[in-house]
Amino acid sequence: MTAGSALYIPPYRADDQDVVAELNVRFGAETFIEQPTRTGMPVLWVQREKLIDVLSALRQVSKPYVMLYDLSAVDERLRTKRRGLPGADFSVFYHLMSLERNSDVMIKVSLMEGDLNLPTATRIWPNANWYEREVWDMYGITFTGHPFLTRMLMPPTWEGHPLRKDYPARATEFDPYSLSAAKQDMEQEALRFRPEDWGMKRQGEHEDFMFLNLGPNHPSAHGAFRIILQLDGEEIVDCVPEIGYHHRGAEKMAERQSWHSFIPYTDRVDYLGGVMNNLPYVLAVEKLAGITVPDRVDFIRVMMAEFFRIQNHLLYLGTYIQDVGAMTPVFFTFTDRQRAYKVIEAITGFRMHPAWYRIGGVAHDLPRGWEKLVREFLDWMPKRLNEYEKAALKNSILIGRTKGVAAYNTKEALEWGTTGAGLRATGCDFDIRKARPYSGYQHFDFEVPLAVNGDAYDRCMVKMGEMRESLKIIEQCLNHMPEGPYKADHPLTTPPPKERTLQHIETLITHFLQVSWGPVMPANESFQMIEATKGINSYYLTSDGSTMSYRTRIRTPSFPHLQQIPAVIRGSMIADLIAYLGSIDFVMADVDR
C-alpha cells in the first residue's frame, strides 16, 4: 500500500552546521557555546533568557525543526569532565528534528540548584507537555506557564526526584517500607480523579458529563495504562491518559550498571523488541568507544532485528484484530510467532529477551544449520500474510470499524512526535533505515510502505507491508551473509574474542577487567536512533570516563504516541478509542521505562 509523499527527505547530514550559521546570524555568535560531541548533531548551549526565542526561531526557519524529538535533563553536579562547558548544577536539553533538512540540533540550557526554573515550550510544540512533566517529576525542575505540572511516572504522593544524583538507587538505601491503614487511604485518595484539576467541567449547557475510568488493567488498554474519559453519552468530549504504573527506573539503573551489563535491561524496555532494543544502545556505546564492527556483524544484527520486527507485528496484528472483535486470527499469529521463535532460539539461545548483541559484535557466531531454519521460515511466512490480509483485513466489519477512525495528518503527527507506522500512515516517507542508514541498512534493497489517510486501518496496513519488507531483508541476509569475525578486534569489545584470551595474557587481563568492572568509555556524549518496532527508539549516552554511564536517556516511540491520544480521539465514540488504542502498537514498558 503506497502513496507519494509531499515531503522530500534529502540525504542525512550529520553535524549539519547550516543551522549554527543561521542562528549566529540571527542572535549573534556570542549567544551560543557549541559543545563537541559524538551525537551527530550540533549541540548548542544558550542562556535561559534566550531559550524560548531560539526554540521559536528553529520552529519557524526555512526548512523548520518541526518535531520536538526529545526533552530531558541531566544532573551535572557530579560530572568531572565538563571540557569548558557553562557552569551548571543541572542542564535541560531540547532535541529538535527537521525532516526537510534531514538533520537535528540540540539546544541545552544550564541551571543552578537554587533556581531551577525554565519557561514552558508547550506553546511551540504541544508534545513538550509530557516531557516537561517528566523532567519535573524526575529532577524537580519547574516549567513556568506549563498547563498542569504534576507527577508523570511516580505516584502523586511521591517525595523526592529520582534521577537526581543524591537520590538513592537501591531499595536497601531507603528506610524499611510499611503501609498503614491511614497511608493506604491517603494513597487511594490521591488516585481520585478531579475533572476541575484538568480544566474539565462536570456539566455542559444542556447535559451532565459522565467520567469513565478505563484501566489501569482493562484488557483493551494493552498494559497497566489508565485513561479517564469525559463523556457526553458515548461521545468522548475529552480524556486524560495516565501512565507510570509500569515504571521501573531503567535510566536510573543505567547509572549503576557497567556499559556491558546494562545490555539485558535494554531488552525489557520494549519487551516485544528483543535484540532490536540492544541495537541503538550498543551502536551508541560503539560511537563512544570508536569501534567499527565487521560487515558480518552488521548483517547478523540486521537479520535478527528484522526477525523481531516480524515477531512484534504478528502480535500487534492478532491483538489489533481481536480488539475490533475477531477472535480467531490471534491464535494463528501466535502460531506463526512460534515459528519465528524457533529460528531466534536456535541462533541466540533465548526467545523473548536474548540480550545477544555485544559492544563490538554479537555474543557468538551463527550456528551450523542456521540457513536451513531461516529458509523454512521465509518459505512459510509470505503465504500466511496473504491469508491474514484476505481473511481479516479485507473483512467488511473490520474495515467499517477502523476506516476513517482516529485519523490525523502528517503535520499533526510531527507536532506530537509521532514516528514509525503512525507517521508513515499519513503519507510521510520517513523511515530511519532509509533516511539515516545505520548498521549497514544502506546495503539492503527494500521499500518503505506508506498509506494516505492516517487512520486506524492504514496504520495496520503499513505494518503488514513492513512484515513483507522484513522478509525481503532477511532473505538478502541469508543470500549474502559475509564471511569474517563476529566481533570487532578492539580492546573495548565485550568480552574479547575467547580464542584471543587463551593465547595472549593482555587479552585475558582485559577480559577479566571488563567482565568484573566493565570497560572504561572515553568521556564524551553519543547518540543513536533506530527504526524500532513501534517507531524511532534512541539512546543518548553521557560518559564521564568511567565504567558506568553518567546519564542514559532512553527515548521511546510509545511515550509520544500515548500523549497524542486526546488530540486525536476528541469527538469520537468509545468503540473508536478501543480501535485507536489497538492501532497504535504500544506496550507500557516502552512508555514508562
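The values are calculated or read from the model by the stated rules, or taken from the named source; none is laboratory data. Computed from a predicted structure; not experimentally measured. When we count neighbours, we look across all protein chains shown, and the Cβ atoms used for this are built from the backbone with ideal geometry, even at glycine.
Could you please let me know if residue 125 is surrounded by 20 or more Cβ atoms within 10 Å (Cβ to Cβ) and in contact with a strand residue (DSSP E or B) (Cβ under 6 Å, 6 or more places away or on another chain)? Spelling it out, residue 125 is indeed surrounded by 20 or more Cβ atoms within 10 Å (Cβ to Cβ) and in contact with a strand residue (DSSP E or B) (Cβ under 6 Å, 6 or more places away or on another chain).
If the condition is being among the polar types (S, T, N, Q) and either exposed (fewer than 12 other Cβ atoms within 10 Å of the Cβ) or part of a strand (DSSP E or B) (or both), then segment 21-37 contributes only 35. When the criteria are applied in full, residue 299 meets the requirement of being surrounded by fewer than 24 Cβ atoms within 10 Å (Cβ to Cβ) and part of a helix (DSSP H, G or I).
Annotation: of all residues in segment 299-335 being among the charged types (D, E, K, R) and under 21 Å from the mean Cα position of the chain (by Cα), the one that is nearest to residue 395 (Cα to Cα) is 309. Of everything listed in (1) of a type outside the set (Lys, Arg); (2) out of contact with any helix residue (DSSP H, G or I) (no Cβ under 7 Å at 6 or more places or on another chain); (3) within 17 Å of residue 536 (Cα to Cα); (4) touching a residue at least 60 places away in the same chain (Cβ under 8 Å), the single unmet condition for residue 102 is (2).
Yes or no, residue by residue, for (1) buried (at least 17 other Cβ atoms within 10 Å of the Cβ); (2) closer than 23 Å to residue 285 by Cβ; (3) out of contact with any Ser or Thr (no Cβ under 7 Å at 6 or more places or on another chain):
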{"site": "502", "(1), (2), (3)": "no, no, yes"}
{"site": "509", "(1), (2), (3)": "no, yes, yes"}
{"site": "513", "(1), (2), (3)": "no, yes, yes"}
{"site": "524", "(1), (2), (3)": "yes, yes, no"}
{"site": "527", "(1), (2), (3)": "yes, yes, no"}
{"site": "551", "(1), (2), (3)": "yes, yes, no"}
{"site": "562", "(1), (2), (3)": "yes, no, yes"}
{"site": "569", "(1), (2), (3)": "yes, no, yes"}
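On the stretch given as segment 94-140, residues that are among the charged types (D, E, K, R), over 16 Å from residue 51 (Cβ atoms) and more than 20 Å from the chain's Cα centre (by Cα) total 3.
The listed residues are 217, 213, and the only one of them that is part of a loop (DSSP other than H, G, I, E, B), polar (S, T, N, Q), outside the structural domain of residue 279 (by TED's automatic domain parsing) and surrounded by fewer than 20 Cβ atoms within 10 Å (Cβ to Cβ) turns out to be 217.
Taking first residues from segment 22-33 that are modelled with pLDDT under 90 and partners that are acidic (Asp, Glu) and part of a helix (DSSP H, G or I), the Cβ contacts under 8 Å between residues at least 6 apart in sequence or on separate chains come to 27/53. The residues of segment 157-201 that are in contact with a Lys or Arg (Cβ under 9 Å, 6 or more places away or on another chain), surrounded by 10 or more Cβ atoms within 10 Å (Cβ to Cβ) and under 23 Å from residue 257 (Cα atoms), listed by number, are 162, 163, 164, 165, 167, 169. If we scan segment 261-269, do we find a residue that is within 17 Å of the chain's Cα centre (by Cα) and among the aliphatic types (A, V, I, L, M)? For segment 261-269, residues within 17 Å of the chain's Cα centre (by Cα) and among the aliphatic types (A, V, I, L, M): present. Give me the residue from segment 238-277 that is in a helix (DSSP H, G or I) and of a type in the set (S, T, N, Q) and, out of that set, surrounded by the fewest Cβ atoms within 10 Å (Cβ to Cβ). Out of the qualifying residues, it is 266. Among the numbered conditions (1) within 19 Å of residue 531 (Cα to Cα); (2) modelled with pLDDT under 90; (3) among the acidic types (Asp, Glu), the only one that residue 336 does not meet is (1).
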